[in-house]
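One structure is given here, and the rest of the page talks about it.
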Amino acid sequence: MRVLKKSLKGLALFLPVLLGGSIFFGSFTASAATKNFTQKSTGDNSGLFYYYGTDRGTTTWSNPTSADGLMWCADSSDTEDQCMNGTDRAATPDVLIPDSGANKTWVTYSLPEGDSFKATKLSLRSRGDNNSRQLDDFRLDGIAADGTTQMLLNVTNDKCLDKKSTWCDYTLANSKGSVAFQFTVTDYNKSRTYELAFGEIELYGELESGVSATTTTMAAPTVPSTTTTVAPTTTTTQATTTTTQATTTTTQATTTTTQATPVTVAAVTTTTTQATTSTTQATTTTTQATTTTTQAATTTTQATTTTTVATGPQTNWQLNTLRNRVHTLLMDRIDALNKLEAAVNLNKTLTAANRNNIKIQINDERDDMKALEKQEHTATTVPKLRGIMKTMYVQHRIYMVFIPKVVLAVQADAVADDAKDTLAALKPNAPAAGKASLNSALSATQNLGKNALTMKAINFPANLKVRQGFADKISDASADLASGKAATKKFLK
């Protein structure tokens, strides 16, 4: 889950960082802004999650937990995108997390990095399709920036959610700021399972956001024991005439707000290659520098670019938790592809062309998952890990597109193979109607597997209709196959 930088009001931290043999002093300051979210009516647009859906009120609304959304969500199942249904503001689909056991079936919503929320009210909409799955016993926990958990709500024998598509409000215990919220089933629902089922979720309370940090670095002068005379190997090209005062130079770092302190070089006595008594003195100290440069007329001091990031236990917790989640998702997919490959190798009815195509695609998908796993190992930021997860979903869809299309190909080839073998085994006097049914089954499926394997993850969810179309054709062909075999079973050679 994503965890946020800790809010530090009116606090400045000075962090000494040893870098490249020189000491730099970083100044960190942070400030935060607050925004209140007060419910105006059930199912309104005044809650926190809706606010994130509008990119903090700057754009038209879209699901805040989508691939490009501000929030991140996860659930206890291995179903893709199921948790996203809880913030889609749509009648369907609803959230349905499979039974994992009491206190083990959960969904978590994590706020954007830099945000902390003191929740005062939870608003839930019940599912719209099945009363038996409505919740009875559940709890809501807030997860603080340091990873500690605070129970905000514990409900037993709920009655409000019994009605379909009904918004129910729950007052929460006083809370400290949370960076994530976990919603958990604690006992059987009305269908006597631990399924977590609801329609929508929204929170109200006070948001603290906009933590900012600036860094100021200044080079600390090197402290010498004595003044050192340096004899350069060549005469500097910049010292063309006798100079009595060196130029003061200020260099500003380009990637941070860091600015070097101006450095003044004392008067140089001659322009010869032997700089006998030149000394360097930083404006912030009276300590003499150890050496002078060979550039007598102009000395340039370059500020080292140093970025101080607000870090702490909460950032590590966020990063590690999300990394573990991404790693698990990737390893689950690699394992599923391995099992799929084993099943394909054992299958006897796939055409040679489809089998070869499937094996090539499995290898490609597995290689991509392994490549993402390597990226996950080296990722050092939450946005990077979210990007890896987005790639895994959007560009691959192992569970929603890839495995289903392989299953379709296997099913289609199985029907076609059975129909073909049955037709070849029929006596000449087999009933015409039976043969027609068998030919219909063969015609419908002999190229279907090849076509199904062309489905791409990037076209999800539009290709769900295509997938369903293939499934319907296979179902119809299976019915024709069964009918044809029943009609011709007495006419086999």
**Prompt:** Would region 462-478 turn up any residue that is out of contact with any His (no Cβ under 7 Å at 6 or more places or on another chain) and not in a helix (DSSP H, G or I)?
**Reply:** yes
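Here's the yes/no breakdown for (1) of a type outside the set (K, R); (2) over 19 Å from A457 (Cβ atoms); (3) in contact with a Cys (Cβ under 6 Å, 6 or more places away or on another chain); (4) surrounded by 18 or more Cβ atoms within 10 Å (Cβ to Cβ):
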site	(1), (2), (3), (4)
A342	yes, yes, no, no
K348	no, yes, no, no
T351	yes, yes, no, no
N357	yes, no, no, yes
I360	yes, no, no, no
N363	yes, no, no, no
D367	yes, no, no, no
L372	yes, no, no, yes
P383	yes, yes, no, no
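Modelled with pLDDT of 85 or more and assigned to a loop (DSSP other than H, G, I, E, B), is that true of P93? Step through it out loud before you land on a result.
Details: modelled with pLDDT of 85 or more: yes; assigned to a loop (DSSP other than H, G, I, E, B): yes.
Here the answer is yes, as P93 does meet what is asked.
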**Request:** Name every residue in region 409-433 that is open to solvent by 50 Å² or more (accessible area, probe 1.4 Å), assigned to a helix (DSSP H, G or I) and among the polar types (S, T, N, Q), in order of residue number.
**Result:** Q411
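Restricting attention to region 171-193, which residues are among the charged types (D, E, K, R) and in contact with a Lys or Arg (Cβ under 9 Å, 6 or more places away or on another chain)? If you could, list the steps in order and put the result at the bottom.
Within region 171-193, the first condition is being among the charged types (D, E, K, R), and the residues that meet it are 176, 187, 190, 192.
Within region 171-193, K176, K190 meet the criteria.
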**Prompt:** Under 6 Å by Cβ, and 6 or more places apart or on different chains, what pairs join a residue from region 319-348 that is within 22 Å of P112 (Cα to Cα) and modelled with pLDDT of 90 or more with one that is open to solvent by 60 Å² or more (accessible area, probe 1.4 Å) and in a helix (DSSP H, G or I)?
**Reply:** none
**Request:** Go through region 437-461 and give me each residue that's modelled with pLDDT under 95, open to solvent by 30 Å² or more (accessible area, probe 1.4 Å) and part of a helix (DSSP H, G or I).
**Result:** I458, N459
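Counting residues that are touching a residue at least 60 places away in the same chain (Cβ under 8 Å) and open to solvent by 10 Å² or more (accessible area, probe 1.4 Å), which strands (runs of 3 or more DSSP E) fully inside region 102-203 reach at least 2?
Working: elements: 106-110, 116-125, 138-143, 149-155, 167-171, 180-185, 196-198.
Where strands (runs of 3 or more DSSP E) fall fully within region 102-203 and carry at least 2 residues being touching a residue at least 60 places away in the same chain (Cβ under 8 Å) and open to solvent by 10 Å² or more (accessible area, probe 1.4 Å), they are 116-125, 167-171.
The values are calculated or read from the model by the stated rules, or taken from the named source; none is laboratory data. A quick note: this is a predicted structure, and the numbers were derived from the prediction, not measured. Cβ atoms come from the backbone with ideal geometry, glycine included; neighbour counts cover every protein chain shown. Each accessible area value is taken on the protein alone, full model and side chains, heavy atoms only, with ligands, DNA and RNA left out. Shrake-Rupley method; radii C 1.70, N 1.55, O 1.52, S 1.80 Å.
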